[in-house]
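Heads up, the thing below is written out as structure tokens.
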Amino acid sequence: MPHFPKELYEPLPYVYVGVGIATTFGLETLLGKVSGVMLVAGGIIIGYQRYSYRQKLRIRQEREAWLKAEADRKKREKQAWLRDQAQQYRDALAKKDEDF
């Protein structure tokens, strides 16, 4: 599937709406007016779909970043707990060695 350059892709909904308005008011035929309204509607729909997708993508990225931060925090907590447990075990062994 070919990809449009960003400079062409991003303004397309605005171009559709602009051309649709110009067509609606510029042409006197019924077909011209219907085509213009369809272009305006298409531009609005495409713009809304892009906005909706980008919002979902932003939310997903924020959620993934939060999950990664939580996983890192849990990992650090577990490592600290394991270090404490290991130190307690070493202290207990050292105390047993002293008792003998």
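Tabulated results
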read-out: Pairs where the first residue, in segment 37-48, is farther than 12 Å from I21 by Cβ and among the polar types (S, T, N, Q) and the second is surrounded by 15 or more Cβ atoms within 10 Å (Cβ to Cβ) and modelled with pLDDT under 95, C-beta under 8 Å, 6+ apart; value: none
read-out: Single condition Y9 does not satisfy, out of (1) surrounded by 11 or more Cβ atoms within 10 Å (Cβ to Cβ); (2) modelled with pLDDT of 95 or more; value: (2)
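The values are calculated or read from the model by the stated rules, or taken from the named source; none is laboratory data. The shown structure was predicted, so the numbers you read here are calculated from the model rather than taken from an experiment. FYI the Cβ positions are ideal-geometry reconstructions off the backbone, even for glycines, and counts take in every protein chain you see.
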